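Asker: Below you'll find the structure I mean.
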Amino acid sequence: MDQPLLGGAMDQPLLGGAPARHCCSYRTLQAWLPILSWLPRYNRRWLQMDVLAGLTVGLTTVPQALAYAEVAGLPVQYGLYSAFMGGFIYTLLGTSKDVTLGPTAIMSLLCSSLVGGQPRRAVLLSLLCGLIQAAMALLRLGFLLDFISYPVIKGFTCAAAVTIGFGQVKNILGIHGVPQQFFLEVYYTFYRIPDARVGDAVLGLLCLALLIMLTFMKMSLTSEDAPTCQKVASNVVWGVATMRNALVVTAASLVAFSWEAYGHHVFTITGHTATGLPPFRPPPTSDTTANGTVVSFGEIVEGFGGGLALVPFIGLLESIAIAKAFASQNDYRIDANQELLAIGVTNVLGSFVSAYPVTGSFGRTAVNCQTGVCSQAGGIVTSVIVLLSLAFLMPAFFYIPKASLAAVIICAVAPMVDYRVVVNMWKIHRLDLLPFFVTFLMSFWQVQYGIMGGVATSGVLLLYGVARPRIKVSEHGVLVMELNSGLSFPATAYLSHMLHSRALEVSPPRSVVLDCHHVSNIDYTVVSELRDLLRQFKLRKVTLLFSRLQPSVLNVLQAADLEGFRHSDSVEAALQMEAGSDGDD
């Protein structure tokens, strides 16, 4: 029986594990265009499943794209402008059958913090992010993502979810004039609750309740061994719950249209939006302020500041984390550098159709996977749905209540607040809570500061572990000190302190056997410190013996010609050597 297509990186050799390929060979072409790996095997069943998945994801994408444009502070059509290019590009370049690219809550938040609701700058940001991401892919820099630890990621996503979710409370309540800065936003939202519009509040809370109810209905579907009639009912519930965003927004729009038709302006609606498909044109390289002042390209880039490095990096991190999660779940592999290229090219070409930066969406990827997508071609169907919405449905978006879009956003980001991760970190490794909370708290000040603070804290903890290796001390007539990790130059001072305090500064001084079987390499600083330690042990008429050195380390120490250096293959042999030397004395 035919199997669903897996990621396009299945034929990629492990690093250093296969002979080099000719630069113009077909396998090289497959590496750069993964579609060539799975397209020859495409069949009718895959087409049916991809169309079904693409339609389902498309009906999820349209309302989410409109809502995320609100988070980015942009007119709602920019959400749709950003939602269709990824489907076409990822089909050609992507290595995961499940991932869908498009606007997300986190990227919209980052975009809002950098461009301040200015569309031209958002489009330029997409171009610059894409160029940076594509350059990282060509330079094979995907390994840089390994330096962001899981606690930092979770701290950032939790803070982003709280920021985004609370930022929509004002739209649920129909409150205007609330600033964007988080702490001011909290203060003014509560301060202006008496100004809330009853219509928006009632509609927003109803939409929120309906979305939550449909979500729980989807989670409580019957099992696979249920009777046929129950399976049919479950499929219907699953379909309705999966398309809940589109259904709720459509129902809310009909309600708003009914009131507006009778001249009652009860709800805050989206209002006029640009109609039709976006023109294909080069992204702007300058901007004009409200008073007519022209802002040059250099001034815009300078205004982006460090965010210009943060946005593409977070986009890559989010998308690759999603791709790896679903690749592991569905038993296939992805190519991280190829994923970087796919996202980079999507953002570059997206800037030509007025898109702001996009990345992989966890929610829509989950829907794509659950619907049974078989290849990356499902993204084409999703993109067509978005294009049809732009071409024919934009006038209908006039009546979408902002409260309904706010409810969609809140329900989308709520699962990102994962309190269980704090409990797990407390049980497993409590120090991980430090970068988590640093990232979480600083992200409310500025998102980029949260990420940088978390990475810096993780780096300090990592370096602390290198500088303070665990040393197990045991008594065998002489002291046996076992290094439980590697030995590099930051650890020399600590090792010297341990040897002095436990052996050289006691009365009488004691000999030491240093068990080094975990040490795989040493540097010049370590060798210099060991030479000094051997001299000090000799002055006090005690010995420092080395045991279980790995061949590479032993060769270095022998080449260094350390005076008094002695080595044995085991701790027991070292103890016998020490006992023999005592007898000689």
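Asker: Could you grab me the full set of residues in region 65-89 that are farther than 19 Å from Val348 by Cα and open to solvent by 20 Å² or more (accessible area, probe 1.4 Å)?
Answerer: Scanning region 65-89 gives Glu70, Gly73, Pro75.
Asker: Run Leu203 past the list (1) part of a helix (DSSP H, G or I); (2) out of contact with any strand residue (DSSP E or B) (no Cβ under 8 Å at 6 or more places or on another chain); (3) not hydroxyl-bearing (Ser, Thr, Tyr) and report the number of the one that doesn't hold.
Answerer: Evaluating Leu203 over (1) part of a helix (DSSP H, G or I); (2) out of contact with any strand residue (DSSP E or B) (no Cβ under 8 Å at 6 or more places or on another chain); (3) not hydroxyl-bearing (Ser, Thr, Tyr) leaves (2) as the failure.
Asker: Name every residue in region 474-494 that is touching a Pro at 6+ places or on another chain (Cβ under 6 Å) and surrounded by fewer than 18 Cβ atoms within 10 Å (Cβ to Cβ), in order of residue number.
Answerer: Matches in region 474-494: Ser485 only.
Asker: Quick one: Cys158 ticks every box in (1) at pLDDT below 85; (2) closer than 13 Å to Val447 by Cβ except a single one, so which number is it?
Answerer: (1)
Asker: Shifting gears a bit: Output the number of residues of region 334-366 satisfying the condition of being within 16 Å of Leu131 (Cβ to Cβ) and either of a type in the set (Ser, Thr, Tyr) or open to solvent by less than 10 Å² (accessible area, probe 1.4 Å) (or both).
Answerer: 13
Asker: Mind checking which residues of region 443-452 are open to solvent by 60 Å² or more (accessible area, probe 1.4 Å), part of a helix (DSSP H, G or I) and not hydrophobic (A, V, I, L, M, F, W, C)? Please lay out each step first, then the result.
Answerer: Step one: of region 443-452, the residues open to solvent by 60 Å² or more (accessible area, probe 1.4 Å) are 445-446, 449, 452.
Imposing the further condition that a residue be part of a helix (DSSP H, G or I) reduces the set to 449, 452.
Listed by number, the list holds a single entry, Tyr449.
Asker: Follow-up. Can you name the residue in region 274-289 that is farther than 20 Å from Met85 by Cα and part of a loop (DSSP other than H, G, I, E, B) and is also most open to solvent (accessible area, probe 1.4 Å) among such residues?
Answerer: Only one residue tops the list, namely Thr285.
Asker: Please count how many residues of region 261-273 are under 13 Å from Ala396 (Cα atoms) and either at pLDDT 85 or above or surrounded by 15 or more Cβ atoms within 10 Å (Cβ to Cβ) (or both).
Answerer: Of the residues in that region, 3 qualify.
Asker: Yes or no: region 524-541 includes at least one residue that is part of a loop (DSSP other than H, G, I, E, B) and open to solvent by less than 50 Å² (accessible area, probe 1.4 Å).
Answerer: No, region 524-541 has no match at all.
Asker: From the residues in region 23-59 that are in a loop (DSSP other than H, G, I, E, B) and under 30 Å from Asn235 (Cα atoms), which one is most open to solvent (accessible area, probe 1.4 Å)? Walk me through how you get there before you give the answer.
Answerer: First, the residues of region 23-59 that are in a loop (DSSP other than H, G, I, E, B): 23-25, 33-34, 42-43.
Subset that is under 30 Å from Asn235 (Cα atoms): 42-43.
Values: Tyr42: 63, Asn43: 41 Å².
Here the residue is Tyr42.
Asker: Let me ask another. Take region 318-332 and flag every residue that is touching a Gly at 6+ places or on another chain (Cβ under 6 Å) and not in a helix (DSSP H, G or I).
Answerer: If the condition is that a residue be touching a Gly at 6+ places or on another chain (Cβ under 6 Å) and not in a helix (DSSP H, G or I), then Tyr332 is the only one that fits.
Asker: I'm checking my understanding of the structure. Among residues of region 396-442 that are crowded, with 22+ Cβ neighbours inside 10 Å and aromatic (Phe, Trp, Tyr), which one is nearest to Val455 (Cα to Cα)?
Answerer: Across region 396-442, the extreme among qualifying residues is Phe436.
Residue by residue, here is whether (1) crowded, with 17+ Cβ neighbours inside 10 Å; (2) at pLDDT 85 or above; (3) among the acidic types (Asp, Glu); (4) part of a helix (DSSP H, G or I) holds:
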{"site": "Leu211", "(1), (2), (3), (4)": "yes, yes, no, yes"}
{"site": "Met217", "(1), (2), (3), (4)": "no, no, no, yes"}
{"site": "Thr222", "(1), (2), (3), (4)": "no, no, no, no"}
{"site": "Lys231", "(1), (2), (3), (4)": "no, no, no, yes"}
{"site": "Ala241", "(1), (2), (3), (4)": "yes, no, no, yes"}
{"site": "Val249", "(1), (2), (3), (4)": "yes, yes, no, yes"}
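Asker: If the Cβ limit is 9 Å and pairs must be 6+ apart or interchain, which residue in region 206-218 that is under 16 Å from Ser234 (Cβ atoms) and without any contact (Cβ under 8 Å) to a residue 40 or more places away in the chain pairs with which residue that is of a type in the set (A, V, I, L, M) and open to solvent by 70 Å² or more (accessible area, probe 1.4 Å)?
Answerer: Leu214/Leu247
Asker: Pairs, please: C-beta under 8 Å, at least 6 apart or cross-chain, first residue more than 17 Å from Val198 (Cα to Cα) and in region 254-283, second modelled with pLDDT of 90 or more and open to solvent by 70 Å² or more (accessible area, probe 1.4 Å)?
Answerer: Short answer, once both residue conditions are applied: none.
Asker: Give the residues of region 290-317 that are open to solvent by 20 Å² or more (accessible area, probe 1.4 Å), in a helix (DSSP H, G or I) and at pLDDT 85 or above, sorted by residue number.
Answerer: Once the filter is applied, which keeps residues that are open to solvent by 20 Å² or more (accessible area, probe 1.4 Å), in a helix (DSSP H, G or I) and at pLDDT 85 or above, region 290-317 yields Phe297, Gly298, Glu299, Val301, Glu302, Gly303, Leu308, Ala309, Phe313.
Asker: Listed residues Met416, Met394; which is at pLDDT below 90 and within 25 Å of Met85 (Cα to Cα)?
Answerer: Matching residue, one of Met416, Met394: Met394.
Asker: Testing Ser375 on (1) among the polar types (S, T, N, Q); (2) assigned to a helix (DSSP H, G or I); (3) touching a residue at least 40 places away in the same chain (Cβ under 8 Å), one condition comes back false. Which one is that?
Answerer: For Ser375, the failing item is (2).
Yes or no, residue by residue, for (1) within 26 Å of the chain's Cα centre (by Cα); (2) within 18 Å of Ser389 (Cβ to Cβ):
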residue	(1), (2)
Asn245	yes, yes
Ala251	no, yes
Gly276	no, yes
Pro283	no, no
Ser286	no, no
Val295	no, no
Leu308	yes, no
Val311	yes, no
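Asker: On to the next question. In contact (Cβ under 8 Å) with a residue 60 or more places away in the chain, more than 21 Å from Thr215 (Cα to Cα), in a helix (DSSP H, G or I) and not aliphatic (A, V, I, L, M): does that describe Pro357?
Answerer: No; evaluated as a whole, the condition is false for this residue.
Asker: Name the single residue, out of those in region 542-559 being among the hydroxyl-bearing types (Ser, Thr, Tyr) and crowded, with 16+ Cβ neighbours inside 10 Å, that is nearest to the chain's Cα centre (by Cα). Explain how you work it out, then say what you get.
Answerer: Keep residues of region 542-559 that are among the hydroxyl-bearing types (Ser, Thr, Tyr), which gives 543, 547, 552.
Adding the requirement that they be crowded, with 16+ Cβ neighbours inside 10 Å leaves 543, 547.
Details: Thr543: 52, Ser547: 44 Å.
If we take residues in region 542-559 being among the hydroxyl-bearing types (Ser, Thr, Tyr) and crowded, with 16+ Cβ neighbours inside 10 Å, then Ser547 is nearest to the chain's Cα centre (by Cα).
Asker: Determine if region 458-473 includes at least one residue that is over 23 Å from Phe313 (Cα atoms), surrounded by fewer than 13 Cβ atoms within 10 Å (Cβ to Cβ) and touching a strand residue (DSSP E or B) at 6+ places or on another chain (Cβ under 7 Å).
Answerer: Yes, that holds for at least one residue.
Asker: A follow-up question, please. Going through Val506, Val513 one at a time, which residue ends up being touching a helix residue (DSSP H, G or I) at 6+ places or on another chain (Cβ under 9 Å) and within 24 Å of Gln576 (Cα to Cα)?
Answerer: Checking each option against the conditions leaves just Val513.
Asker: Please count how many residues of region 93-111 are more than 23 Å from Arg281 (Cα to Cα) and out of contact with any strand residue (DSSP E or B) (no Cβ under 9 Å at 6 or more places or on another chain).
Answerer: Residues in region 93-111 being more than 23 Å from Arg281 (Cα to Cα) and out of contact with any strand residue (DSSP E or B) (no Cβ under 9 Å at 6 or more places or on another chain): 6 in total.
The values are calculated or read from the model by the stated rules, or taken from the named source; none is laboratory data. Just so we're clear, the structure is a prediction, and the values are computed from it rather than from any experiment. Cβ: placed from backbone, ideal geometry, glycine included. Neighbour counts: every protein chain shown. Note: accessible area is taken over every heavy atom of the protein model, side chains too, but ligands, DNA and RNA are not part of it. Shrake-Rupley method; radii C 1.70, N 1.55, O 1.52, S 1.80 Å.
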